[in-house]
Amino acid sequence: MDSKPSSSPVAAVKHSGNMFRIVLNTPPTPASRPRVGRWGVYYTPTYKAYRKAAHAAIPACTQQPLKGELYAIMEFVCHRPKTTKRCTPLGDIDNHVKSILDAVVGEKKNRHGYIVDDDQIARLTATKRWVEEGETPHTIITIGVL
């Protein structure tokens with residue numbers, strides 16, 4: 001599977017017994033801080049929309065979830081604004097990672113079934129970059145057993 005995303009919003013998934021790779025064709029959005037209001041805790045509308053789109057795009061796992069200590073490699077390819085002085089996309093890298101782990105595990109544990117819980121991740125490599133010419137924003141997620 002190459003690293004270029006398809007135009008479909010549905011994620012492309014490659015799953016074997018001890019690892020999986022997902023190319024998520026929705027623009028990366030870092031997790032926002034939970035806000036506390038009069039009626040409880042809530043997230044920003046942008047993050048809520050991303051989380052909903054990511055959950056809808058990732059198909060349910062048809063195999064057993066990965067168990068034990070896991071490694072994760074994530075690449076976030078973000079939309080480049082027309083003008084910017086920044087050399088990297090906005091958003092802390094740890095918030096980008098959190099949004100993906102939320103999407104893979106789901107709001108309820110084992111919603112998608114790829115991993116049991118995100119506390120299994122023992123090793124993590126994450127990068128973020130601007131799209132290159134001809135690319136669309138996407139995220140590549142690889143998680144496997146150590």
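For residues that are part of a helix (DSSP H, G or I), closer than 19 Å to VAL13 by Cβ and aromatic (Phe, Trp, Tyr), tally how many sit in segment 35-82.
Residues that pass the stated criteria total 1.
Scanning for something at pLDDT 85 or above and surrounded by fewer than 13 Cβ atoms within 10 Å (Cβ to Cβ), does segment 56-67 turn up at least one residue?
yes
Suppose we filter LYS48, LYS82, LYS52 for residues that are modelled with pLDDT of 80 or more and under 20 Å from LYS128 (Cβ atoms); which single one remains?
LYS82
If you check every pair at least six apart or on different chains, which have Cβ atoms under 6 Å apart with a residue in segment 126-146 that is hydroxyl-bearing (Ser, Thr, Tyr) first and a residue that is surrounded by 14 or more Cβ atoms within 10 Å (Cβ to Cβ) second?
Cβ pairs passing all conditions: THR127/GLU75; THR136/PRO5; THR139/LEU24; THR139/PRO28; THR139/PHE76; THR142/ARG21; THR142/ILE73.
Does segment 127-139 include one or more residues that are under 14 Å from ARG21 (Cα atoms) and under 13 Å from the mean Cα position of the chain (by Cα)? Don't jump to the end; show me each part of the working.
Let us first name the residues in segment 127-139 that are under 14 Å from ARG21 (Cα atoms), namely 138-139.
Those still in the list that are under 13 Å from the mean Cα position of the chain (by Cα) too: 138-139.
Scanning segment 127-139, I find at least one residue that is under 14 Å from ARG21 (Cα atoms) and under 13 Å from the mean Cα position of the chain (by Cα), so the answer is yes.
Could you tell me whether segment 101-121 includes any residue that is under 16 Å from VAL23 (Cα atoms), open to solvent by 50 Å² or more (accessible area, probe 1.4 Å) and part of a loop (DSSP other than H, G, I, E, B)?
no
Do you know which residues across segment 29-54 are touching a helix residue (DSSP H, G or I) at 6+ places or on another chain (Cβ under 6 Å) and open to solvent by less than 30 Å² (accessible area, probe 1.4 Å)?
Restricting attention to segment 29-54, the residues satisfying the condition of being touching a helix residue (DSSP H, G or I) at 6+ places or on another chain (Cβ under 6 Å) are 29-32, 54.
Selection gives THR29, ALA31, SER32, ALA54.
Of everything in segment 43-65, what is of a type in the set (Val, Ile, Thr) and within 20 Å of HIS138 (Cβ to Cβ)? Give them in sequence order.
Within segment 43-65, THR46, ILE58 qualify.
Please state which one of PRO9, PRO5 is at pLDDT below 80, buried (at least 17 other Cβ atoms within 10 Å of the Cβ) and over 23 Å from ALA122 (Cα atoms).
PRO5
The values are calculated or read from the model by the stated rules, or taken from the named source; none is laboratory data. None of these values were measured; they are calculated from a predicted model. Methodologically, a virtual Cβ is constructed for each residue, glycine included, from the backbone with ideal geometry; neighbour enumeration extends over all protein chains shown. SASA here: full protein model, heavy atoms, side chains in, ligands and nucleic acids out. Shrake-Rupley method; radii C 1.70, N 1.55, O 1.52, S 1.80 Å.
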